[in-house]
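Student: Handing you a structure now.
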Amino acid sequence: MTDFSPLLLAELAILAVLLSALSALATRHLPALMRQLVIPLMGFSGLLALLAGVWTLGTGQNSTAILPIGLPWLPWQLHLDALAGLFLSLVGGITFIVSFYAPAYVREFEHGNDSLPALGGFTGLFIAGMQMVILSDGAFVFMVSWELMSLSSYFLVTFQHEKAANRRAGFLYLLMAHIGGLSILLGYALLAAYGHGLSFEAMRAASLPEGWATLAFLLALFGFGMKAGLLPVHVWLPEAHPVAPSHISALMSGVMLKVAVYGLIRFTWDLLGDVHWQWGVTLLIVGSLSAIMGVLYAMMQQNMKRLLAYSSVENIGIIFIGLGLSAIFSGTGHPALAVIGLVAALYHALNHAMFKSLMFLAAGAVLHSTREHDLDQMGGLLRRMPWTGLFFLLGCISIAALPPFNGFVSEWLTFQTSLQAWALDSGILRTLLPIAAAVLALTGAIAAATFVKLYGIAFLGRARSRRARRAREVSLGMRSALAMLAIVCLLLGILPTLVIDTLNSIPQQLLGKGLEQATAHGWLWLTPVSAETASYSAPLVFIGALLTWWLAQFLLRRGSVRKVRYGDPCDCGFGTPNARMQYTSVAFAQPMRRVFADLFRLREEVTRDEQGRERHQLQVEDPLWDWLYLPLARAVNALSKLVSRLQSGNVRIYLGWSLATLVVLLWLIS
Amino acid sequence: MADLLNPVDWLLALLQVLLFALAAPLLAAWVKRIKSRLQNRRGPSLLQPYRDLRKLFRKEARVANSASPLFRAAPYVVFSATLIAASTVPLLAVHLPTAILADVIVLVGFLALARFFLALAGMDVGSAFGGMGASREMLISALAEPAMLMAIFTLTMSAHSTNLSSVIQHVLDSGLLLRPSFLFALLALLLVAVAETGRIPIDNPATHLELTMVHEAMILEYSGRHLALMEWAAQIKLLLYGVLISNIFLPWGMAQQLEPLPLLIGLAAIAGKLMLLGVVLAVSETLVAKMRLFRVPAYLNLAFLLGLLGMLSHVILEVGV
Amino acid sequence: MNLAQLGLLEQSIFVLVALALFLSFVLLSQARLTTMIHVFAWQGFLLALLTAIVAALGDNPHLYISALLTFLLKVLLIPAMLHRLIRRLELERHQERLQKQALVMMAGAALVIFSYWVVLPITHMELAHIRNVVSLSLAIVQLGMLLMVARRQVVAQVIGFMSMENGLFLAAVAATAGMPLVVELGIAFDVLVAAVLFGVFFFHIRDSIDTLDVDQLTRLSEEER
């Protein structure tokens, strides 16, 4: 540890965030310390991590270190390469931005019963865990940090544990996180068994027989997929993410899911190597299902943060579509096309981190200002919170994958990858890929509908409740965090070539090939395959759009009639409408609900009370609960009943079981 | 790329965009006129949409007092997004610098951006009709977009490019081929175009009957120049789809070089194709009655199925090894 | 394989096969029985046209006869009989919405891909495009089967059965330039007899149990449920 390397910077980042966690212990007596020390330290750590990550990405240099802690035969190996660099800068960047937002947000907790030391401490541990997962260079460090990340985020989910729903969400999260963790552990065990060592170095050298490799891949997919929120193991996500404090939701949805994606990429592409196209098909199918189902469930939500959580499932699905395409192309011997898929997936991971954090922070701002989760109690917020409203709108445009913002670029790249299907030899794959692209198109279109609904119901129209009428713009710190994220979203959208140039060292590391042709025509032109196949010049298109807008404004605002007269709305001559006559979020989603009725579990009833007033009740639930989870839970219950027969209450019998176990184990190892 | 950064070409491209915007009301008027003739009416003059636009531009704009700033910004966003989308469609010549700015997926993206703001503007005033229109429009577009992309993917799979100029060049180069995939894609695109431009049987541009409106419900609160921009954008969108369909499937006559004579021929060719397409649209609008909203998914499913069959027949029949 | 190497007539075979496949999908989704019969007749027409083209291409005069036969039987006679049948059964206005229509359509598309996958191993045919046509005719057969599974109305099921036969016929014409005329005549006769018999059966079924909904026919089992 002599010279100054990115890894040293990253270690300092971990140290800083651990210090932040430690200093949070003092906030019990000094609540103001939270804002003055704990969160700035966290932000500082984020900045260091961001710098370390960008530095690594820029130079493409790898650095390794061994931490002088732990047991002598289990070294804590750390490693920072381009792939880790991207995700580290992602964690760091979002942490940094959140640190502007958090002080104002946690202020309300200073006077309540909620424990500030717990919030600050576990946030610090959570971030440290994520940074260490990314930096780890061995299965041991990886798993320890992974569990640190899972456990500390559990405590953040149950931060407001007075509410039963939060406790339930926390339990579900803990349960699934552990099953997932177990699955990842088994995957590493397979690699370690063939590589004779826990370090990633040894695992890379291991050559697994085909069957075992596929098993290891499936275990990793299950484990990381559970953390990432893939269908059908996504159910914890929409429960857990919304109940955490909003800046934590942003970290969980924006960053933690990406850490899971990182884990899968590291495990499959780096450690396992030799990706099969069948794995790609699996990823593609799982990803497409997650994308379409995630966005359909998001469309049905009424709770702002739940809607955003489901939309995370959708976006993770899109990332996995990209990864699946990449695996299919590399498994069938088209490395150049595999690179585009991988870059598309990484780009979308980056984009999703930005716009989802933006959305969660903005939702937090709304929550902070109105104390409402329910969309149907909001309305008209744009006029009361213009800045938040503007940034929220930019977030909506990004997340709905509309040009010229960032979500569009990564989806465009994914489309381009799947349209290269003609290069494949198998006719079946040639049809499968465009169908996946069509699913992606449907997803994008429904996402647009979902965010029209979210924005239209919450920010436009008239206020639907007293609280919404009294909403006030949030503080400068919160707004500045939103502004930063919104600007990043725009920049990622209009300067894709610069981003791809920066990302280029990752495919070079994983696939041995870069994406030079994408930016071969200068920074103005993005040409993933070649200039004849497809080109997109985001900067020029953006300038063109701005010019047209300006021209239209300029031409029309001149002359005698530039004035605008305000008056009552026309509304087809029905007289002045009131707030209750507006479309609600339930009403907005009704056509969609009816068209896709088979995919939901709908409970709709109309009851009539004594005065003859009708009451309409609607419940939309995830059918997977019925199809998968409840049978599973019943099976587990039945099994434990069976096991509980062993429980006779007699100590000597228990001792007998212990003896038997001991004997069997001795026999096994002899 | 660099060789396309030629100022004369760019000037021509800008002129083409201008022509696109100026010719858009004419197509709408043409369809209206043919339709009137078919219904034994005389119908308005072909210049009527221009007169309407001029009148609206001169009128004072009235805005509901419950509207937010978004309401006033939306017409400009909708108009410029639609115009940007239109600028990437080759109108007279196959190759223009604007066509490489953005491919067909970006085109769909900009149309989606316009629709996004249109729907938001509909919800802004807080009237029941606006919300209804927005909700329906988003449903229709959500189902139409995959169908449209599926049809386009079929074309791009055989042309190996998503660039519209390359696709058209590919069709021109391969001469007259009876491709089942193109046939299906054409049918799918026709169905989608009808749905996306809000024509009968999906929506009725002439209606102000409350419960059947989709597009009209969203722009109900607009007046003056705002309304003019919205209407103009809708006309540009209609022309865009018309040009897209006729130039991809019948590209003959388009100018291959940027010289006066080929360009003139191109103008004549596209005018002829659009007149024909307009007649087809008018006839179908006269023959078909408007659908109930919940029949629309079946209609768009059919479009998607056609797109899918196009893709399948491309893979199985045309390239199957 | 390059489409441009083939002549216009050969290209038109592809278009006709693809259209026939499309009509199978239309049959699958069509709610009205009368429209179904029209669509079925159109499918028969495409078949007859295709047979005539194959006859012209390969100089197989006996295929002209079979084209004519197909035209008479599948475009005129059987549809006319079916029309008469539903008129007498008073089913002209009958409509049956498919349950889970999108799902059935997806299943149909999956079947098309599946039949392509099934025929892929056949490589020793001299021309790949014949195999591709065979894969689509196989898909038409399976779509007919799917129609019979998805529909509850007996008459709709008969149409499904007939369209299955269309698929088989198509495969025969495309792959081997038609079956021997005797076999073809035999099959044509079989189909005709089947159509007549179906008609007779329907009257009896309806007379005795008062429905033509196959889901109701489960009550005919021995056990009382």
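The values are calculated or read from the model by the stated rules, or taken from the named source; none is laboratory data. Fair warning: this is a prediction, and the values are worked out from it, not measured in the lab. Backbone-built Cβ (ideal geometry, glycine too); neighbour counts: all protein chains shown.
Student: Just to check your reading of the model, which residue among B:Ala193, B:Ala159, B:Ala151, B:Ala147 is more than 16 Å from the chain's Cα centre (by Cα) and hydrophobic (A, V, I, L, M, F, W, C)? Before you say what the answer is, go through the steps one by one.
Tutor: On the way: B:Ala193 fails: more than 16 Å from the chain's Cα centre (by Cα); B:Ala151 fails: more than 16 Å from the chain's Cα centre (by Cα); B:Ala147 fails: more than 16 Å from the chain's Cα centre (by Cα).
Unique residue meeting the criteria: B:Ala159.
Student: Scan B:Ser181, B:Ser174 and give me the residue that is at pLDDT 85 or above, within 14 Å of chain C (Cβ to nearest Cβ), farther than 30 Å from A:Phe554 by Cβ and over 17 Å from the mean Cα position of the chain (by Cα).
Tutor: Working: B:Ser174 fails: at pLDDT 85 or above.
After applying the criteria, what remains is B:Ser181.
Student: Is it true that A:Leu454 is under 25 Å from the mean Cα position of the chain (by Cα) and under 25 Å from A:Ala104 (Cβ atoms)?
Tutor: So A:Leu454 passes the test.
Student: Being within 16 Å of C:Ala172 (Cα to Cα), within 14 Å of another protein chain (Cβ to nearest Cβ) and part of a helix (DSSP H, G or I) is the requirement here; does C:Val17 meet it? Before the answer, list the steps.
Tutor: Values: within 16 Å of C:Ala172 (Cα to Cα): yes; within 14 Å of another protein chain (Cβ to nearest Cβ): yes; part of a helix (DSSP H, G or I): yes.
In short, yes.
Student: Condition first: within 10 Å of chain B (Cβ to nearest Cβ), closer than 26 Å to A:Gln302 by Cα and not in a helix (DSSP H, G or I). Now tell me which residues in segment A:572-618 satisfy that.
Tutor: Matches in segment A:572-618: A:Pro577, A:Asn578, A:Gln582, A:Tyr583, A:Thr584, A:Phe596.
Student: Going through B:Ala114, B:Ala74 one at a time, which residue ends up being farther than 30 Å from A:Leu419 by Cα, crowded, with 24+ Cβ neighbours inside 10 Å and more than 7 Å from chain A (Cβ to nearest Cβ)?
Tutor: Every option except B:Ala74 fails the conditions.
Student: To continue, here is another question. Looking at the structure I just gave you, is B:Met230 within 11 Å of another protein chain (Cβ to nearest Cβ) and closer than 25 Å to B:Leu53 by Cα? Before the answer, list the steps.
Tutor: Details: within 11 Å of another protein chain (Cβ to nearest Cβ): no; closer than 25 Å to B:Leu53 by Cα: yes.
Considered against the rule, which asks whether it is within 11 Å of another protein chain (Cβ to nearest Cβ) and closer than 25 Å to B:Leu53 by Cα, B:Met230 comes out as no.
Student: Still on this structure: With in contact with a Ser or Thr (Cβ under 8 Å, 6 or more places away or on another chain), among the aliphatic types (A, V, I, L, M) and crowded, with 23+ Cβ neighbours inside 10 Å as the only criterion, which of B:Val167, B:Val192, B:Val214 stands out? Quick ask: steps written out before the conclusion?
Tutor: Details: B:Val192 fails: in contact with a Ser or Thr (Cβ under 8 Å, 6 or more places away or on another chain); B:Val214 fails: in contact with a Ser or Thr (Cβ under 8 Å, 6 or more places away or on another chain).
When all the criteria are applied, what remains is B:Val167.
Student: Of these, C:Ile78, C:Ile65, C:Ile86, which one is touching an Asp or Glu at 6+ places or on another chain (Cβ under 8 Å) and more than 30 Å from B:His314 (Cα to Cα)? I'd like the intermediate steps shown before the answer.
Tutor: Numbers: C:Ile78 fails: touching an Asp or Glu at 6+ places or on another chain (Cβ under 8 Å); C:Ile65 fails: touching an Asp or Glu at 6+ places or on another chain (Cβ under 8 Å).
C:Ile86 is the lone residue from the list that is touching an Asp or Glu at 6+ places or on another chain (Cβ under 8 Å) and more than 30 Å from B:His314 (Cα to Cα).
Student: For the structure I just gave you, tell me whether B:Leu306 is within 24 Å of B:Thr197 (Cα to Cα), within 14 Å of another protein chain (Cβ to nearest Cβ) and part of a helix (DSSP H, G or I).
Tutor: Values: within 24 Å of B:Thr197 (Cα to Cα): yes; within 14 Å of another protein chain (Cβ to nearest Cβ): yes; part of a helix (DSSP H, G or I): yes.
For B:Leu306, the condition - within 24 Å of B:Thr197 (Cα to Cα), within 14 Å of another protein chain (Cβ to nearest Cβ) and part of a helix (DSSP H, G or I) - is met.
Student: Looking only at helices (runs of 4 or more DSSP H) that lie completely in segment A:452-571, which have at least 3 residues being buried (at least 16 other Cβ atoms within 10 Å of the Cβ) and at the interface with chain B (Cβ under 9 Å from one of its Cβ atoms)? I'd like the intermediate steps shown before the answer.
Tutor: Values: elements: A:466-469, A:476-494, A:496-503, A:505-511, A:538-556.
In segment A:452-571, the matching helices (runs of 4 or more DSSP H) lie at A:538-556.
Student: Does B:Met291 satisfy being facing chain C (nearest Cβ under 10 Å) and touching a residue at least 24 places away in the same chain (Cβ under 8 Å)? If you could, list the steps in order and put the result at the bottom.
Tutor: Values: facing chain C (nearest Cβ under 10 Å): no; touching a residue at least 24 places away in the same chain (Cβ under 8 Å): yes.
Criteria not met by B:Met291.
Student: Which members of segment C:95-127 meet the condition of being surrounded by 14 or more Cβ atoms within 10 Å (Cβ to Cβ) and at pLDDT below 75?
Tutor: The answer is C:Glu96, C:Leu98.
Student: Would you mind stating whether A:Gly93 is over 21 Å from the mean Cα position of the chain (by Cα), buried (at least 19 other Cβ atoms within 10 Å of the Cβ) and assigned to a helix (DSSP H, G or I)?
Tutor: Working: over 21 Å from the mean Cα position of the chain (by Cα): no; buried (at least 19 other Cβ atoms within 10 Å of the Cβ): yes; assigned to a helix (DSSP H, G or I): yes.
Judged against the criteria, A:Gly93 is not a match.
Student: Considering (1) in contact with a helix residue (DSSP H, G or I) (Cβ under 9 Å, 6 or more places away or on another chain); (2) free of Cβ contacts under 8 Å to residues at least 24 places away in the same chain, say which one A:Ala164 fails and leave the rest.
Tutor: (1)
Student: Kindly establish whether C:Glu92 is among the acidic types (Asp, Glu) and in contact (Cβ under 8 Å) with a residue 60 or more places away in the chain.
Tutor: In short, no.
Student: Now a separate question. Take the conditions crowded, with 24+ Cβ neighbours inside 10 Å and in contact (Cβ under 8 Å) with a residue 12 or more places away in the chain and apply them to A:Gln131. Does it pass? Please lay out each step first, then the result.
Tutor: Numbers: crowded, with 24+ Cβ neighbours inside 10 Å: yes; in contact (Cβ under 8 Å) with a residue 12 or more places away in the chain: yes.
Against the criterion (crowded, with 24+ Cβ neighbours inside 10 Å and in contact (Cβ under 8 Å) with a residue 12 or more places away in the chain), A:Gln131 qualifies.
Student: Which residue, of B:Ala2, B:Ala21, is closer than 30 Å to B:Leu258 by Cα and either modelled with pLDDT under 90 or surrounded by fewer than 13 Cβ atoms within 10 Å (Cβ to Cβ) (or both)? Before the answer, list the steps.
Tutor: On the way: B:Ala21 fails: either modelled with pLDDT under 90 or surrounded by fewer than 13 Cβ atoms within 10 Å (Cβ to Cβ) (or both).
Unique residue meeting the criteria: B:Ala2.
Student: Something else now. Looking for something crowded, with 24+ Cβ neighbours inside 10 Å, within 9 Å of another protein chain (Cβ to nearest Cβ), touching a residue at least 24 places away in the same chain (Cβ under 8 Å) and outside any helix (DSSP H, G or I) - is there at least one such residue anywhere in segment B:80-91?
Tutor: Scanning segment B:80-91 turns up at least one residue that is crowded, with 24+ Cβ neighbours inside 10 Å, within 9 Å of another protein chain (Cβ to nearest Cβ), touching a residue at least 24 places away in the same chain (Cβ under 8 Å) and outside any helix (DSSP H, G or I).
Student: Further question: Any residue in segment B:120-137 that is more than 7 Å from every other protein chain (Cβ to nearest Cβ), under 25 Å from B:Gly266 (Cβ atoms), buried (at least 24 other Cβ atoms within 10 Å of the Cβ) and more than 13 Å from the chain's Cα centre (by Cα)?
Tutor: If we filter segment B:120-137 for residues that are more than 7 Å from every other protein chain (Cβ to nearest Cβ), which is where we start, we get B:121-122, B:130, B:133, B:137.
Next, from what is left, pick out any that are under 25 Å from B:Gly266 (Cβ atoms): none.
The answer is no; no qualifying residue exists.
Student: Return the residue satisfying two criteria in turn: it lies in segment A:418-432 and is of a type in the set (Ser, Thr, Tyr) and more than 7 Å from chain B (Cβ to nearest Cβ), and of such residues it is surrounded by the fewest Cβ atoms within 10 Å (Cβ to Cβ).
Tutor: So the first thing to find is which residues in segment A:418-432 are of a type in the set (Ser, Thr, Tyr), and the list is A:418, A:426, A:431.
Filter again for more than 7 Å from chain B (Cβ to nearest Cβ), leaving A:418, A:426.
Numbers: A:Ser418: 29, A:Ser426: 15.
If we take residues in segment A:418-432 being of a type in the set (Ser, Thr, Tyr) and more than 7 Å from chain B (Cβ to nearest Cβ), then A:Ser426 is surrounded by the fewest Cβ atoms within 10 Å (Cβ to Cβ).
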